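Read the structure below first, then the notes.
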Amino acid sequence: MLVFGRVRRSGSIALRRTLWGRGRLRIRRLPWYAHLDSRQYHTAGRYPVPTPVLTDPIKLTFDERVPLQLVLEAVSGKSGAPGALERETGTRVHVRGNELTIDGPQAELVERLMRQMYSMALSGRPVDPADVVRALEVLRRDTSSELREVFEDVIVERGSNGKPIMPRSLTQKRYVEYMRGHALTFGIGPAGTGKTFLAVAMATRALIDGHVRRIILSRPAVEAGEKLGFLPGTLEDKISPYLRPLYDALYATFPVDKVERMTEQHVIEVAPLGYMRGRTLNDAVVILDEAQNTTREQMKMFLTRIGRGTRAIITGDPSQVDLPRGQRSGLAHALRILQGVDGIAICQFTHKDVMRHPLVAQIIEAYDKDTQRHTEARATSQADD
């Protein structure tokens with residue numbers, strides 16, 4: 001079908017001459033908005049949409065083909081589908097040999113990303129495809145940020161899966177720095193942000209480097225809504241489900257057989273919080289996980305176990321307290337009274353730092369908004385009374 005380029009408008013009627021078939025000429029009546037694209041139509045209607053700021057395409061040329069190919073594989077989608085870069089920025093990268101043309105509303109951001117990712121790939125540490133979105137977030141928060149400082153801060157060179165363990169966001173980077181420089185560090189935030197995983201990795205690093213002689217991992221034995229007291233087995237069998245996440249973190253840094261051997265030698269100790277009473281913990285990294293489920297008395301007991309040459313790391317999510325009704329969380333109390341004390345650092349995570357499936361971050365954000373809405377409604381109701 002051939003369409004003549006000239007269009008006449010008369011009131012709200014557009015006439016378009018269309019050559020159809022063999023020599024026949026037809027006149028079609030089209031609505032007034034037919035000559036507009038979708039963006040122009042919405043702008044002309046009752047509900048205007050924001051017009052994106054268009055920028056000139058940016059051209060980049062790289063010398064080495066292999067590192068460039070690693071970068072392109074990280075940002076591109078599979079089977080021709082849009083990759084994370086295009087979905088997040090609305091910007092396309094056109095490739096011609098070693099030359100890239102970046103075209104879209106966030107071309108300058110993508111240019112910084114591509115340059116830094118190429119530099120990292122050139123040095124032998126390419127950014128994982130799963131981290132492209134987080135790399136964009138790092139550059140958005142601080143335009144002067146260097147991805148190398150975040151993604152090349154390797155804690156463990158080779159985890160049990162053969163990959164290095166390192167921070168993957170600005171908050172995780174800050175958390176790692178806090179653990180290096182403080183005797184007591186709090187990692188506070190929602191599930192899936194890597195609080196416990198990075199704490200265990202840092203403890204592993206300290207043990208490998210000879211800074212400490214053992215790792216002690218602990219959790220309060222509190223059910224998350226289920227009653228496990230009538231399960232068969234010994235006391236060790238009963239508490240094992242509570243401690244399983246700590247073992248999972250250990251298995252990510254050491255092979256299973258090595259964890260078991262180090263546990264038998266008491267180099268690694270995993271125990272419920274109640275087992276800490278009366279002990280002085282020297283030359284160790286002590287991690288208290290799920291600290292939101294401690295009482296004030298338990299939290300004070302744990303904090304006063306810290307001995308010479310020991311670093312303590314406390315992780316928890318104040319929004320997931322499983323204590324019986326009427327009992328207040330020792331974590332919230334400790335955060336309030338220890339704020340500003342020398343030697344203590346508090347790192348706050350948000351849903352933006354979630355490292356699990358992207359849907360998890362959206363779920364956490366939805367729950368946070370719902371909690372805030374109920375809190376505001378309750379405060380308004382009390383004010384009216």
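Here Leu85 sits with roughly 10 square angstrom of accessible surface, probe radius 1.4 Å.
Applying the Karplus relation 6.51 cos²θ - 1.76 cosθ + 1.60 with θ = phi - 60° to region 134-144 yields 3J(HN,Hα) values of 5, 5, 4, 5, 4, 6, 5, 5, 9, 5, 8 Hz, where x marks Gly and Pro.
Shown here: region 283-385, whose C-alpha atoms stretch 52, 38, 27 Å along the first, second and third principal axes, sorted largest to smallest. Taking the accessible area of region 293-370, probe 1.4 Å, and keeping the other protein chains in place, the carbon and sulfur fraction comes to 51%. Close amide H contacts of Arg214 (hydrogens built in the peptide plane, cut-off under 5 Å, sequence separation of 5 or more or a different chain): Val285.
Let me make sure I get this right: for region 118-169, a, b and c are the square roots of the gyration tensor eigenvalues over alpha carbons, sorted descending. Under 1.5 in a/c it's rounded, otherwise prolate if a/b > b/c, else oblate. Which is it? Verdict is prolate for region 118-169. Computed from backbone phi, the HN-Hα couplings of region 285-292 come to 9, 10, 10, 10, 9, 6, 5, 5 Hz, rounded to whole numbers (Karplus: 6.51 cos²θ - 1.76 cosθ + 1.60, θ = phi - 60°; Gly and Pro given as x). Backbone geometry of region 178-189 corresponds, through the Karplus equation with coefficients 6.51, -1.76 and 1.60 at θ = phi - 60°, to 3J(HN,Hα) couplings of 4, 5, 5, x, 10, 6, 9, 10, 9, x, 10, x Hz, x marking Gly and Pro.
The values are calculated or read from the model by the stated rules, or taken from the named source; none is laboratory data. This structure is a prediction, so every number in the text was calculated from the model and none was measured. Remember, those area values only see protein heavy atoms, side chains included, never the ligands or the DNA or RNA. Shrake-Rupley method; radii C 1.70, N 1.55, O 1.52, S 1.80 Å.
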